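Structure first, then comments.
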């Protein structure tokens, strides 16, 4: 038992970013699965990628975890296949998850964190998020099946019918109101309001955490400078959300659930919302302990735990470690690789438009494609930076302290 | 019209209705639950329980009162009332007539009164009309004026009429009252008899949870005016810092601690203590006559508490010291000070777990925190437990959901450290009245010199001397062989020494804590440090030559040491009898009063140093170093030689034979290099070390080690002048956040005295265990040698450690409004500055000051030979005399029979003035006055002389003038009389003090030899003169004859004067004044020490100066 807990602790502490990465793969695999393409050329490519990761894991130890996670998810999905959307499988997944969660409560360290009145709703959120995502995808799956055999989506079958406002709408709304009130009252009775002593700027709690809905932002601060993580990225999140209706002009899938018709739209949204935003909130809540150190789910939050800070910049990796040269004095030369890399990254859209994403480019038109792909690239910058940090202790890609500009 | 096709519903209405029904029921249920939870607060239960206790108490009081009731008297009164009623009934006709008459007059009166008031209102209105008509120059001005006059007359008439009617009404009323009076009188008397019971019954009504009270406290109705409510006291002078502003504290403790200011709910133990104290006060007549009855009642109440079946538990107990705290007549009344101003804690909290209670030990912590988790059944069932009284069971078990709150910035002081709360207001005082514990704790911190290493920025602990001796002349005093052994473990030499142990402590050598390999290494390093410190000290020491004295006699020396006062500050034994076992054991500091720990223990001094040094030191300590706290006893050469001879017999040869390990050059090299590489590279450091011989390396390492251990904080050491003290500043240590304390990994340990100590996770426990075992928090830590904890071990007993902890945790940031700080007015400041000198110079070793002190008493069997009690010194001594005497005690020998000598302290003028001002301020006398020059009239002197003879003062007091030469040499008689020579009085005593003293000596100095000639008259509070009657006896005939002429031969006047104690003592004073000498030698400059015996030629070559200039930093 202890061994399993330790393994989970180690796994979670060192491979959180690999999980993120394997989610990326998993989503791509996912699209293929639904199309039954696992055994196709692309499918073999992804299996090949997994093998490469495992081989690399023999050299870079943490990559091994990534390989394990990758294969677990990929073969899990492959085995389940379409049956993932079977309601019995869904129930089992739910029961399994809940059982794992509540059994974990027997562990005092886990209980201490998960049963904190502030964290209980976030624990509930994990399940709600899972359930609703599953339901939506299940409906999409069923509809897709209908469409595939030439039927019409389920929602369409009933869209012509009429209903009374009373009782069909108002009555159910009122019932929801009553039931929610009951839940809220019980909640307020059972869980103590998490109020603490009067704030004291000279003695802040450790860890000092943002409100739960900002924990994702706080987590981002670990990887980016405040001007990026605190200003640019949040602004782009809002701008990006506002831009969605203008970028996504795909008329299909309106008014009914469908995955196949909107693979990329749903995939990107789920990745950004579930994997990046929600997952970071969960990480910030349950896995970030004193001094914002990483703690596994069963680990004791020891405020004295020390993690060595040995992060290096890209320029050091290239100049000092690879080329065995001193750092050039001129910052422009010193950071030339980082700057080049960043420039190359942001100039990917034209390349993408010509290469594998040509059909999107043609479908969306140039303005939509460039705006959309820029937003997508910026979103992906976060997991990329995280993975680089965890794998190579990379601090900054561009580090120009002379003008306080770091990426 | 075609009937519309029914549209099918999306849901079955029937099931929706069912859902609606059940969810509504559930909503109702949770609403009830919500109200229930809101209603059931922990404190309500405490209040309800207290009401029940009060009810029981009142009912038992009621029972007792009813038993005391005089039944027959009540019955007699009842009959009387009935009799009167019969009487009235018999003369009913007359009574009714009178009543009717009164009724009609009441009517008349009402009418007349109304007429008058209405007319007056009209008159006021008319005045306005008349005035406006004039101002507006209206035509009818004259008419209005006339109308006003007319109405004025009318009002006057009505007033007269009203007065007349009132008079008649009163008369009629008196006639009726005459009838009723008899009945009323008897009823009043009955009421008076029943008053106590009525009062108790009324009280009972207020505490019974029934009827109106029940309705007022009913859920949902209790917002109107409940009797269960949060009580609070706003303390305007104590602040909470809520960032950027200070808000007053609001104490709600009394919401649960209901009886805190109500006597009668003490615990049995406290009740027994209080009853005994009160009884003792009663027995010694310390309580004034009118309060004695109350005191007796209180004792009865306390007895009842002791005999009660159940003990009162917290939180319902009364404060155990109502006379000092909380009580409305005490100096700290509840309404002004609340609770948290002393105890600290979360003032606004009303839950046990959140109020900042701090458990004093693990047992209590476990009992308090028997926690119901968030999801536990215990929590869910709370309302049920409340209703069924299961909460009572919880209370018995005291599992109160306590949890540690590390963010609470002012947790309460645990039970052992309550007195720490005094410091925030009383830190400007040397002693706290009735605060024996805090006073002793402060004195302990001062004596042990905590302030030397740990800066305490607080009047009480600043401006004090360095606690250790000057080490700049150590080579003149002792040998390196001794010093090495001493530094290694001072307690091996003297068990009571205040010098702590720095080396070979738990975190360095304890085999249970340190692995064997590391241990061997540590010992080598410690050896190197010990040797190097000694090397440095001796290299830097001066080498003056002290000339030995003449040959002395040890026997005489011993006598001198025991008699001239050395024993006030020193102890000469290390063996004491254990109180428990009766066996001899090594002494601890606590075996002697603090004052006697002031000087070092004399045992072994002969081993430590040599004859010449001792001889010169005791002759003049200031010659060795200027700040020496030891005063000069003005020893003659022979005396000094005798004492030297005696001290040399105090040997501890075995100490010098304890083996000392040789210093390992490798260890010296390693350690020295460790310091050098802070500024040099490894290579340069090696080179530098190679160029230094071992001795030089030792001196370098010594300097660094002294810096590391902070020896210079307590000792003056050459080369360390002006360095900051080594330790953490403690000025606000009590407010330091808990997470800033490093608890290490230790949870418990066995202390040196065998007690099993546990470490709780709170600041007081941390501090306590830190001082008790300073290296404990290094247990199982992985640290490099120089990072290990360095605080030395003082080998404190539990009690000493508790005292020091009390001070440390009491040094908080708590904000108090300046008007609440004790002793802040300029007058008190002068007094406290003086008290500080008294404490600093250990005056209490010999004298009683402010009612405390005289540690020397334990070594002097006959109380007549004790140094004087200075409690009344302020009112007693003339400032001019006192100043001279303090500067140079030889200016006057007041009590020549004492063998204890007043030492010469070499006070500076400033210090002497501080002391003189202190005494004068405390005695409320002016420092200087003109009384010394007063010439009493010859008549007064003559009367005084006769009274003096009659009272036979000359039996003890000598009136022969002392040798007019200065200094006055005492007469032979003076040395045997045990009473001061009265011719010195005029120079020494305050004019107004002498008669006061003669009247009430025993009040001023309890147990004085001076007899009380004028006893107190208990009835009048005045004095009784024994001469009032004696003057008429034949034995006093001659005095009467001599006195009569002074009173114009009027025996009545004479007799009257002889009965007047105040007049008689004034005459005595005048007589004493008349025989006093008037000249006194002025003190020398005194403050400066006599010149030291200067070295002719250094016997040892001075240390090579080459060592450091280059190496230092």
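Some points to look at:
The rows are residues; the columns are (1) more than 30 Å from residue A:116 (Cβ to Cβ); (2) surrounded by 12 or more Cβ atoms within 10 Å (Cβ to Cβ); (3) in contact with a helix residue (DSSP H, G or I) (Cβ under 6 Å, 6 or more places away or on another chain).
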position	(1), (2), (3)
A:287	no, yes, no
A:304	no, no, no
A:310	yes, no, no
A:315	yes, yes, yes
A:320	yes, yes, no
A:326	yes, no, no
A:333	yes, yes, no
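- Summed over region B:671-696, residues that are in contact (Cβ under 8 Å) with a residue 24 or more places away in the chain, part of a helix (DSSP H, G or I) and surrounded by fewer than 17 Cβ atoms within 10 Å (Cβ to Cβ) total 3.
- Against the conditions (1) in contact (Cβ under 8 Å) with a residue 40 or more places away in the chain; (2) closer than 26 Å to residue A:277 by Cα; (3) surrounded by 11 or more Cβ atoms within 10 Å (Cβ to Cβ); (4) more than 14 Å from chain B (Cβ to nearest Cβ), residue A:255 satisfies every one except (3).
- Of all residues in region B:840-854, those that are surrounded by fewer than 22 Cβ atoms within 10 Å (Cβ to Cβ), modelled with pLDDT of 90 or more and out of contact with any strand residue (DSSP E or B) (no Cβ under 8 Å at 6 or more places or on another chain) total 2.
- The residues of region A:154-173 that are facing chain B (nearest Cβ under 9 Å) and touching a helix residue (DSSP H, G or I) at 6+ places or on another chain (Cβ under 8 Å), listed by number, are A:163, A:167, A:171, A:172.
- With a requirement of 1 or more residues that are over 30 Å from residue B:1035 (Cα atoms) and in contact with a strand residue (DSSP E or B) (Cβ under 9 Å, 6 or more places away or on another chain), the helices (runs of 4 or more DSSP H) lying completely within region B:864-952 that satisfy it span B:873-876, B:879-887, B:909-922.
- For region A:200-213, filtered to residues that are loosely packed, with under 12 Cβ neighbours inside 10 Å and more than 7 Å from chain B (Cβ to nearest Cβ), the residue that is nearest to the chain's Cα centre (by Cα) is A:213.
- When B:699, B:750, B:668 are checked against the criterion of being loosely packed, with under 15 Cβ neighbours inside 10 Å and either more than 14 Å from chain A (Cβ to nearest Cβ) or touching a residue at least 12 places away in the same chain (Cβ under 8 Å) (or both), B:750 stands alone in meeting it.
Let's see how each residue does on (1) at positive phi; (2) surrounded by 15 or more Cβ atoms within 10 Å (Cβ to Cβ); (3) part of a helix (DSSP H, G or I):
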| site | (1), (2), (3) |
| --- | --- |
| B:139 | no, no, no |
| B:151 | no, yes, yes |
| B:172 | no, yes, yes |
| B:180 | no, no, yes |
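- Failed item, numbered, when residue A:220 is tested on (1) away from every other protein chain (no Cβ under 14 Å); (2) in contact (Cβ under 8 Å) with a residue 24 or more places away in the chain; (3) loosely packed, with under 11 Cβ neighbours inside 10 Å: (3)
- Among (1) surrounded by 12 or more Cβ atoms within 10 Å (Cβ to Cβ); (2) assigned to a helix (DSSP H, G or I) - the single one residue B:221 does not satisfy: (2)
- Scanning region A:144-162 for residues that are at pLDDT below 90, part of a helix (DSSP H, G or I) and under 26 Å from the mean Cα position of the chain (by Cα) turns up at least one hit.
- Meets criteria (surrounded by fewer than 19 Cβ atoms within 10 Å (Cβ to Cβ) and either in a helix (DSSP H, G or I) or in contact (Cβ under 8 Å) with a residue 40 or more places away in the chain (or both)) for residue B:259: no
- Entirely in region B:1-118, the helices (runs of 4 or more DSSP H) that have 2 or more residues that are without any contact (Cβ under 8 Å) to a residue 40 or more places away in the chain and closer than 30 Å to residue A:176 by Cβ: B:13-39
- Close Cβ contacts (under 6 Å, 6 or more residues apart or on different chains) running from residues in region B:493-518 that are at positive phi to residues that are outside any loop (DSSP other than H, G, I, E, B) comprise B:504/B:526.
- Of the residues examined, residue A:122 is one that is under 25 Å from residue A:386 (Cα atoms) and either touching a strand residue (DSSP E or B) at 6+ places or on another chain (Cβ under 9 Å) or modelled with pLDDT of 85 or more (or both).
- Checking each residue in region B:284-297 for being within 26 Å of the chain's Cα centre (by Cα) and part of a helix (DSSP H, G or I) picks out only B:295.
- Some residue of region B:188-208 being surrounded by 15 or more Cβ atoms within 10 Å (Cβ to Cβ), farther than 15 Å from residue B:44 by Cβ, within 14 Å of chain A (Cβ to nearest Cβ) and modelled with pLDDT of 85 or more: no
- You will find that of A:345, A:370, A:396, the residue that is assigned to a loop (DSSP other than H, G, I, E, B), under 23 Å from residue A:233 (Cα atoms), under 24 Å from the mean Cα position of the chain (by Cα) and at pLDDT 90 or above is A:396 and no other.
- Test for residue A:92: is it surrounded by fewer than 14 Cβ atoms within 10 Å (Cβ to Cβ), modelled with pLDDT of 85 or more and away from chain B (no Cβ under 14 Å): yes
- Top-ranked residue of region A:178-198 - restricted to ones that are part of a loop (DSSP other than H, G, I, E, B) and at the interface with another protein chain (Cβ under 7 Å from one of its Cβ atoms), ranked as surrounded by the fewest Cβ atoms within 10 Å (Cβ to Cβ): A:196
- Selected residue [in contact with a strand residue (DSSP E or B) (Cβ under 9 Å, 6 or more places away or on another chain), in contact (Cβ under 8 Å) with a residue 24 or more places away in the chain and more than 14 Å from chain A (Cβ to nearest Cβ)] from B:792, B:725: B:792
- Condition check for residue B:468: touching a residue at least 12 places away in the same chain (Cβ under 8 Å), farther than 27 Å from residue B:843 by Cβ and surrounded by fewer than 19 Cβ atoms within 10 Å (Cβ to Cβ): no
- Residue tally, condition under 23 Å from residue B:42 (Cβ atoms) and within 12 Å of another protein chain (Cβ to nearest Cβ), over region B:235-254: 1
- Restricted to region B:635-658, and to residues there that are in a loop (DSSP other than H, G, I, E, B) and buried (at least 17 other Cβ atoms within 10 Å of the Cβ), the residue that is farthest from the chain's Cα centre (by Cα) is B:652.
The values are calculated or read from the model by the stated rules, or taken from the named source; none is laboratory data. Not measured: the values here are computed from a predicted model. As a convention, Cβ positions derive from the backbone with ideal geometry for all residues, glycine included, and neighbour counts pool all protein chains shown.
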